[in-house]
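Novice: Handing you this structure, nothing more for now.
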Amino acid sequence: MQPFVLHVTGDFACFTRPEMKVERVSYDVITPSAARAIFESILWKPAIRWQIRRIDVLAPIRWTTLRRNELGAVISSSNVQQAMNAGQGDLALYVEDERQQRAGLFLRDVAYRLHAELDVR
């Protein structure tokens, strides 16, 4: 069977390293599982599986750091349920109180050519 080929580009990318718990740090290139997910986002069925055969890096590996704000809390579903039952409630989440600054090391200006085969089960 002839392989399928995708040309994938983007301004930024992050293929998160699991050993970095809090800060987002990317692998140097796209991971095979991320490449497979791109193919699955185009065509997914339970009876098929995409096999990544080759990843070509088309652009030089360039890095950028970003600092971003994240919320350290979420509104609990029990608070939402209580407010719905009572018809009123405090569901506010104050960003100033819950803000956390996080840094990340991301890839910049990425371009890949992904080669995959369709495996019918």
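Novice: Suppose the filter is closer than 12 Å to residue 107 by Cβ and among the basic types (Lys, Arg); does residue 67 pass it?
Specialist: Working: closer than 12 Å to residue 107 by Cβ: no; among the basic types (Lys, Arg): yes.
Answer is no for this residue.
Novice: Of everything in the range 78-121, what is aromatic (Phe, Trp, Tyr) and either within 30 Å of residue 33 (Cβ to Cβ) or part of a helix (DSSP H, G or I) (or both)? Give them in sequence order.
Specialist: 106, 112
Novice: Return the only residue of 113, 17, 67 being under 15 Å from residue 5 (Cα atoms), at pLDDT 90 or above and under 20 Å from the mean Cα position of the chain (by Cα). Working first, answer last.
Specialist: Numbers: 17 fails: under 15 Å from residue 5 (Cα atoms); 67 fails: under 15 Å from residue 5 (Cα atoms).
Step by step, each of 113, 17, 67 is checked, and only 113 is under 15 Å from residue 5 (Cα atoms), at pLDDT 90 or above and under 20 Å from the mean Cα position of the chain (by Cα).
Novice: Also, quick follow-up: Looking at residue 44, is it part of a strand (DSSP E or B) and among the aromatic types (Phe, Trp, Tyr)? It would help to see each step written out before you state the result.
Specialist: Details: part of a strand (DSSP E or B): no; among the aromatic types (Phe, Trp, Tyr): yes.
When the stated conditions are applied, residue 44 does not pass them.
Novice: Looking at the range 17-34, can you tell me whether even one residue there is assigned to a strand (DSSP E or B), of a type outside the set (D, E, K, R), within 30 Å of residue 100 (Cα to Cα) and open to solvent by less than 70 Å² (accessible area, probe 1.4 Å)? Step through it out loud before you land on a result.
Specialist: Start the filter on the range 17-34 by keeping residues that are assigned to a strand (DSSP E or B), which leaves 24-26.
Among the residues that remain, those that are also of a type outside the set (D, E, K, R) are: 25-26.
Narrowing further to those that are within 30 Å of residue 100 (Cα to Cα): 25-26.
Imposing the further condition that a residue be open to solvent by less than 70 Å² (accessible area, probe 1.4 Å) reduces the set to 25-26.
Within the range 17-34, one or more residues are assigned to a strand (DSSP E or B), of a type outside the set (D, E, K, R), within 30 Å of residue 100 (Cα to Cα) and open to solvent by less than 70 Å² (accessible area, probe 1.4 Å).
Novice: If you don't mind, another one. Counting only residues that are closer than 20 Å to residue 110 by Cβ and in contact (Cβ under 8 Å) with a residue 60 or more places away in the chain, which one in the range 51-62 is most open to solvent (accessible area, probe 1.4 Å)?
Specialist: Keep residues of the range 51-62 that are closer than 20 Å to residue 110 by Cβ, which gives 52-62.
Of the ones still in play, those that are also in contact (Cβ under 8 Å) with a residue 60 or more places away in the chain are 52-55.
Numbers: 52: 40, 53: 141, 54: 125, 55: 52 Å².
Among those that are closer than 20 Å to residue 110 by Cβ and in contact (Cβ under 8 Å) with a residue 60 or more places away in the chain, it is 53.
Novice: Would you check which residues across the range 64-121 are surrounded by fewer than 13 Cβ atoms within 10 Å (Cβ to Cβ) and of a type in the set (Phe, Trp, Tyr) and list them?
Specialist: 94
The values are calculated or read from the model by the stated rules, or taken from the named source; none is laboratory data. Just so you know, these numbers come straight off a predicted model, no measurement behind them. As a convention, Cβ positions derive from the backbone with ideal geometry for all residues, glycine included, and neighbour counts pool all protein chains shown. Calculation scope for accessible area: heavy atoms of the full protein, side chains included, ligands and nucleic acids excluded. Shrake-Rupley method; radii C 1.70, N 1.55, O 1.52, S 1.80 Å.
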